[in-house]
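The values are calculated or read from the model by the stated rules, or taken from the named source; none is laboratory data. Everything quoted here is computed from the prediction, not taken from an experiment. Cβ placement follows ideal geometry from the backbone for every residue including glycine, while neighbour counts extend to all protein chains displayed.
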Amino acid sequence: MAEEHPAERVFHGSPVSRGIAFGPVHVSARGFSAPDVYEISADGVAHEKERLEAAFDLTRKQLIQLKDRIDQVAGGDEGLVFEAHGMLLDDPGLQKKIEQAIEERRQNAEFCFYAVMQTVLEAMRRIVDPYLRERTVDIEDVSQRVLRNFQANQDAILPDHQHLLAAYDLAPSDTASMDRSNLLGFVTEAGSVNSHTAILARALGIPAIVGLGDVVLEITTLAPAILDGYSGKFIVYPSEETSAYYRSLAHRKRKKREALEELRDQESTTLDGRHITLSANIEFTHELDLVHENRAEGVGLFRTEFFLLETDRVPSEEDQTATYSELARRTSPHLAIIRTLDSGGDKLSAEPLTAPEPNPFLGWRGIRVSLDRPANFKKQLRSILRASAHGKVGMMFPFISGVTEIRQCQALVKECMAELTEDGTAFDTELQVGAMIEIPSAVLVADEIAKEVDFFSIGTNDLIQYTLAVDRINNRVAKLYRASHPSVIRMIKMTTDAAKRAGIWTGVCGEMAADLSLTPLLVGLGVDELSVGPRELAGVRKALLSLDFGECQKIAADALKMATSAEVYKLSHDAAKAAYPDLVEEIA
Ligand code: PEP
Ligand code: MG
């Protein structure tokens, strides 16, 4: 660590999860984390080079053993990948670079190895050729192995002290498995507001910023920092003045939240008496405590993929039934809507793929996977049905593009119901079945889909991405991702109108439902339910209590005549600001 305090540096990114966190940084390169760094004397250089050689030797041996084992089991070309990994270690240029770093930096061998590999990897990630870019995974893999071989006990990915994590990117599974007790917040270079990583950060209440530029290469582990999850500023080596400002800001934010919580027992009804059901989006049953604390009127979206795919094996029907029944019992007397597996896209794949998906968001995702794997799908459907005996349960299907899929789903539900009846297993025969509306084609045939289901739940995260052709996780096009785009609000209106004609209800469970600047618009467009992360409930409740439905309808009618997202946003934002100024200023 440096002796004197370097100058304050401020990085700017997109805030994705509110909160202010103070702590030492832990830098994690994609796939492996920074080893401890320490200085060595001039006499120690030769010893460090020997340690480097020894770690390389051990790694080479392991790779040969791995190749042999795979050759025996598979007998094909599969083992060659390990041979290719070994070739990296035989590259004399690379070894020389690391040795030079040891001589010049006078730092331990593993840290010099790590620093050189980080530069190599970051350069590779920026390569345009997709084949070469994908090779970074192999290099990460072998680098991780070398680092482990420097020290037997070095496989802990995260440190055991409280820290702010800085990483190139985090997969939703990384975020889901984070140890909340030591993680004060995280920042990433890549990522965007609507990625599942961001959604999980909000669910877990971890302050987070994404899209921070070259932060990983620019800062070092253990640097003191402040993460401002409101404005998207990440301040490394903050001055005393900055620290004092943030301590006072954190205090004021806490007071504001406490004031909001005082409203939690009030019904989410507008000033002129329109009740909007306010429910919660969750990924894990342990979030139910927070759901209760914030008095949600049910669970509007239980994303099952994190529970189903967190281990190597899909949980058995019994395990699934136990989890869904716990959800049903603890949400009772309110409705708990369980969404069937939505794998693929930026989430984990349901099974290893023989070839990577060329276009994951347009590929084998959501209901397509379930319908292609009817045995697994039925296992989930039976579990949901069995849970319905323990509370009020609904189920819904993700990524529906048209009527055929929903009919196929319903046929399988009927089949499962018949099987359970034959076995004498209890379930709710009146259980509500819904379709997620998140693909434009589903909006266009919403009248037809409405005949087949009891409700719609609009997944705006995907609906915006597919309507505007803007990848929800690609930061480069993030400014084009607009919930207030006239096409999106027309899509929402078409959906609520189709639902009304069919006599069914419509909810919104995408992140747009928690955007308080757009609450007037959504209410005016006629949605019946808003489902948001547990920590967003208090703000949305306050917004609903402050709005007038008649006014909101006028806003929506005017917005539907507008040409640009900026005009629509301003209209709704101004109404929000007039109704609940404190909240909108905080979020806008
Ligand atoms: C959505 O698309 O809006 C949604 C709620 O589903 P997910 O974010 O899990 O894709
Ligand atoms: Mg979706």
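Just one of the numbered conditions (1) in a loop (DSSP other than H, G, I, E, B); (2) closer than 25 Å to Arg264 by Cα; (3) within 16 Å of ligand 2 (Cβ to nearest atom) is not true of Leu516; which one?
Just one mismatch for Leu516, condition (3).
On the given criteria, is Ile473 within 13 Å of ligand 1 (Cβ to nearest atom) and either modelled with pLDDT under 95 or surrounded by fewer than 17 Cβ atoms within 10 Å (Cβ to Cβ) (or both)?
Yes: the conditions hold for Ile473.
Return the residues of region 401-442 that are without any contact (Cβ under 8 Å) to a residue 12 or more places away in the chain and under 22 Å from Asp528 (Cβ atoms); say none if nothing qualifies.
If the condition is that a residue be without any contact (Cβ under 8 Å) to a residue 12 or more places away in the chain and under 22 Å from Asp528 (Cβ atoms), then Glu430 is the only one that fits.
Of the numbered conditions (1) within 16 Å of ligand 2 (Cβ to nearest atom); (2) under 23 Å from Trp505 (Cα atoms); (3) under 25 Å from the mean Cα position of the chain (by Cα), Phe361 fails exactly one; give the number of that condition.
If we test Phe361 against (1) within 16 Å of ligand 2 (Cβ to nearest atom); (2) under 23 Å from Trp505 (Cα atoms); (3) under 25 Å from the mean Cα position of the chain (by Cα), just (2) comes out false.
In region 490-506, which residue that is closer than 18 Å to Ser441 by Cα and in contact with a Gly (Cβ under 8 Å, 6 or more places away or on another chain) is farthest from ligand 1 (Cβ to nearest atom)?
Asp497
If you go through region 182-217, how many residues are within 24 Å of Leu537 (Cβ to Cβ) and not aromatic (Phe, Trp, Tyr)?
Adding up the residues that qualify gives 22.
Mind checking which helices (runs of 4 or more DSSP H) fall wholly inside region 389-461 and carry at least 2 residues that are in the same structural domain as Gly363 (by TED's automatic domain parsing) and more than 16 Å from ligand 2 (Cβ to nearest atom)?
403-423
So if I check each of Ile406, Ile384, Ile367, which one is within 21 Å of the chain's Cα centre (by Cα) and closer than 26 Å to His334 by Cβ?
After ruling out the rest, the residue left standing is Ile367.
Counting only residues that are closer than 16 Å to Cys409 by Cα and surrounded by fewer than 20 Cβ atoms within 10 Å (Cβ to Cβ), which one in region 432-452 is farthest from ligand 1 (Cβ to nearest atom)?
Applying the filter and picking the extreme gives Lys451.
Which residue is surrounded by the fewest Cβ atoms within 10 Å (Cβ to Cβ), if the candidates are limited to region 503-537 and must be in contact with an Asp or Glu (Cβ under 7 Å, 6 or more places away or on another chain), farther than 22 Å from Ile473 by Cβ and at pLDDT 95 or above?
Trp505
Does Val393 fit the bill of being hydrophobic (A, V, I, L, M, F, W, C), without any contact (Cβ under 8 Å) to a residue 40 or more places away in the chain, more than 16 Å from ligand 1 (Cβ to nearest atom) and under 25 Å from Arg330 (Cβ atoms)?
No.
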